[in-house]
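Presented below is the structure to which this report refers.
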Amino acid sequence: MSTTTADIIDGIARLITALKELLETDTVEALVDLVKKLGIGQPVKVGLQALARVLDILVGWIEKLEQVARIPAFLETLDPAFEQVKELASSSGQEMRDMGLGSLAPVVDASRAAIDLADKIRRGAEIILKGYLPEQSIVHLRESVQGLANRLRQMQQKLDAPAAAPAATANKSLLPAGAIP
């Protein structure tokens, strides 16, 4: 079984999504709380900001790839126009000569060749881009990277928020009178 570009891109997107899901676990939340309690939130926050900025740059690159990946759909919309132009240029140089328009024969033959070449290039580009830049996979990759960047920002915000009161202190009022906490 051969691996396609879509397989690779989808695999990377799944990895990034798994990282985001890992960062959403209770264990990581507890780790963020511990970082705050230890007073080392600022350096960790700076690191999270740097990672989020790198991911934002990556999203920008992926968005450019998305634009390129949309080219095959655009090229497909040109199909009818190419067919109409081919029909218009269906006359051959010999037919022009037969109609007494011999001076147009080289122009007609050259235009037909140019139209055929342009159509072949269009179809080739469409096939290549569809194979190497699968649009849906690239969209999924961008969304997963954005999700991870957003999760890092949420963690930064949590590091900025005031520390929550310890659970034992918060429950003190529930102890019976005279009980030692």
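Loop only per DSSP, at most 14 neighbouring Cβ atoms within 10 Å: give me the GluC sites (Glu not before Pro) in the stretch 1-96, ordered by residue number. Listed in order of number, the matching sites are Glu24. Entry comment: accessible area of the stretch 17-129 is 66 Å² per residue, from protein heavy atoms only and a probe of 1.4 Å. What you get for the stretch 1-82, charging only the Cβ of Lys and Arg (+1) and of Asp and Glu (-1), is a dipole of about 460 debye around the Cα centre. Only one residue of Ile138, Ala113, Ala149 has its Cα farthest out toward the positive end of the dipole of the stretch 111-150, where Lys and Arg carry +1 and Asp and Glu -1 on Cβ, and that residue is Ala113.
The values are calculated or read from the model by the stated rules, or taken from the named source; none is laboratory data. These figures come from a predicted structure and were not determined experimentally. As a convention, Cβ positions derive from the backbone with ideal geometry for all residues, glycine included, and neighbour counts pool all protein chains shown. Heavy atoms of the whole protein, side chains included, go into the accessibility calculation; ligands, DNA and RNA do not. Shrake-Rupley method; radii C 1.70, N 1.55, O 1.52, S 1.80 Å.
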